[in-house]
Amino acid sequence: MSFMEPETCYTYWITWEDSEGCHLAPYTSLRSDYREVEEVRNIVESDHPAWLSRLSAPGYLDSTEWEGPYDSEKEALEALAETYSLCLDCWEDYEACDCVEVDNA
């Protein structure tokens, strides 16, 4: 996923469910898309800001779903790296990463 870079934001957030599953998004960047889906249910709007994270391809519309909410940016980045099995230093897949030497002894 070397073309994808981590993105974090500290903001109010919203969650909802529809026929495709559960969704999370920053409240500030959310248009009213979730209200246009007929089967929207369990809408929760946060009453406090928190850290959200995702992977995004700069210059493109490609991105993963938002993850969170987290108490700190560090926690948001660590969870993102764990979810996608990425190195926190270079954001490459663990198998392709040269940051940490593996002891094969």
Can you name every residue in the range 41-69 that is surrounded by 15 or more Cβ atoms within 10 Å (Cβ to Cβ), more than 14 Å from the chain's Cα centre (by Cα) and among the charged types (D, E, K, R)? none
If you take the residues in the range 79-104 that are farther than 24 Å from G21 by Cα, outside any loop (DSSP other than H, G, I, E, B) and acidic (D, E), which one is modelled with the highest pLDDT? D93
Condition met for W66 (in contact with a Lys or Arg (Cβ under 6 Å, 6 or more places away or on another chain), of a type outside the set (G, A, S) and at pLDDT 90 or above): yes
Of the numbered conditions (1) in a loop (DSSP other than H, G, I, E, B); (2) of a type in the set (D, E, K, R); (3) at pLDDT 85 or above, E39 satisfies every one except a single condition; which is it? (3)
Identify, please: which residue in the range 4-23 is touching an Asp or Glu at 6+ places or on another chain (Cβ under 8 Å) and not in a strand (DSSP E or B) and is, among those, farthest from R54 (Cα to Cα)? S19
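The values are calculated or read from the model by the stated rules, or taken from the named source; none is laboratory data. Quick caveat: nothing in here was measured; it's all calculated off a predicted structure. Please note: Cβ atoms are built from the backbone with ideal geometry, for glycine as well, and neighbour counts cover all protein chains shown.
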